[in-house]
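As structure tokens, the structure follows; a few thoughts come after it.
Just so it is clear, none of the values below were taken in a lab; they were calculated from the coordinates. These numbers come from a predicted model, not from an experiment. Note that each Cβ is placed from the backbone with ideal geometry, even for glycine, and that neighbours are counted across all protein chains shown.
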Amino acid sequence: MRILRGVTLILKNKVMLYMLTRYVTYGMSFFVSMYAANRLGPYYYGVWGYLMLLLNYFNLINFGIPQAAQIFQIQNRENLYRRDAFEKSGFVLTGVLGVGIICFALYERIVGITFFEKYELGNLFYWICLCGIINYFNLYYSKVYRVKNKLLEIAFHQTFVVLLTFVVVFLKEGYPLLQWMLGAYVIAYSIIFLFYSFREGITFKGEFRFCDCKKIINKGFFLFLYNSGFYFIMISTKTIVSINYTVMEFGYFTFAYLLGYAVLQLLEAFSYLISAKLLNKYRSSNAEVVSSTIRLIRVNYVALFHGIMYLAMIVFPVFIRFVPKYAGTLLMINLACLTMLLFTNSFGYSTFLMARNKERVLAFIAIFSLGINVLLGVFFVKFLQVNYQYTILPTLLTYFLYAYLCVYYGRKELKLDRSIMNVFEDCFPLRLLFPFIVAVILILCNITYLLCIPFVVYIALNGKTIKEIFHSFKRIFNKPEIIDL
């Protein structure tokens, strides 16, 4: 009876149900990635990584339209007429983005792109273009559904691609598996698009107005610079590696990054749930409320992620044994983990600046950081000629710079002290810095059998923080309505 009661409780609690579906999906995604890497081999996994790199480019080059349209819908959620108008305008602009991919595909067909020859993509390129077009609409739909608190539809969106890929990964190996996996993406994206289109979360009754499109584009452009600059930091690193190293080495790089990013995904579900709520909360004119919200988020997200990542570093050597073809990537996997740690250190302040309409500040931070990353990446690869395992170090340094600047400008907006030490302490508290330094030393010295030490140091320095994290999650699960807009 207790088990039945527990299952009933989960099914009635939208937060628990959403989180459960996400974690099941992440588990499946991790298994698929590991199994596919083994079945494809480093070479074809490198080709797969390049296809996913192209899809990432398509997803990011959206000129901030989904994010800007969502912000306007949140700001006008009490005025249904205006909300629906922005919803429809955003949909039309999303269609224009799809036309852009079609033009790009035609250019490749007529003129050709030399970068693609190395990976022998052939017709696979056009299928990934189709994925990009459909996914523009799916991503936009997910933003609209989040405004309307429809989490189950979003959970289906985030689960179905992995589910279908999970099925096909057992059927083939080598190049045929590569084709089947890409086919699974096309089919899954198409079904998700139809699912969103015929649900009640989307209305096409709103009035289409060019002035609304202009507002979305104006706001979205700087959000695009911010998002593209930020995510292009890692994508630029992948691009540099894909051009300057062999297809097989890029396969190793893709595998190592994937494991580091897999841990980050554990908290992305939580981040997605609260991001829209934060945008609304940060609009408060009460500086104390905003400051306490930022602190709460940084404790519950940043500190928790550090602990999970140190724990993952202890476990990764065990996973590597199941994919012996990638046994030499453990050093880079650990460096990718440290890079992901610094990725999260900006959380709280970056969302706050967005809510305060500081898109231009965020755009400056992101583009500046991207430029630094490209310069460092070229320096490491061309001049230092480092082994591919160390090519992620420029990104590690860049993410710290990015986080520092977000904290600096966030504190400036809150009229808080911006001295170097105060900003650094806020960006990287000593209770998180010490275990990070220990981890860096152990990894660079290749003393992997002592990687339990950073986790022990983390636990010792963050006892009170861990208790606070536990109580915060308990409150969200007991009162799921607190995430509603």
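The dipole here belongs to segment 295-408: it is taken about the Cα centre, uses +1 on the Cβ of Lys and Arg and -1 on the Cβ of Asp and Glu, and is about 120 debye.
What the Cβ-Cβ distance of residue 194 and residue 414 gives, at R0 = 56 Å and to the nearest 0.05, is a FRET efficiency of 0.80. Put in order of Cβ neighbour count within 10 Å, fewest first, the listed residues 252, 189, 449 become 449, 189, 252. The coefficient of translational diffusion for segment 226-485, derived via Stokes-Einstein from the alpha carbon Kirkwood radius under 25 °C and 0.890 mPa s, stands at 128 µm²/s. Within segment 305-349, the chymotrypsin sites (Phe, Trp or Tyr not before Pro) that combine a DSSP coil assignment with at most 12 other C-beta atoms in a 10 angstrom radius are 322.
Counting only Cα atoms, segment 24-208 measures 54, 42, 22 Å along its principal axes, largest extent leading. Label-to-label distance, residue 120 versus residue 453, with points set 7 angstrom from Cα along the beta-carbon direction: 4.6 nm.
Compared with the alpha-carbon gap, the fully stretched path from residue 440 to residue 231 is longer by 72.9 nm at 0.36 nm per residue. Evaluated with a Cβ-only charge set (Lys, Arg +1; Asp, Glu -1), segment 226-485 carries a dipole of roughly 400 debye about its Cα centre, given to the nearest 20. Dipole magnitude for segment 24-208: computed about the Cα centre from +1 point charges on Lys and Arg Cβ and -1 point charges on Asp and Glu Cβ, it is near 380 debye. Between the listed residues 405, 313, 466, the Cα displaced farthest toward the positive end of the dipole of segment 226-485, a dipole computed from Cβ unit charges relative to the Cα centre, is found at 466.
A straight chain from residue 215 to residue 382 at 0.36 nm per residue would run longer than the Cα-Cα distance by 55.9 nm.
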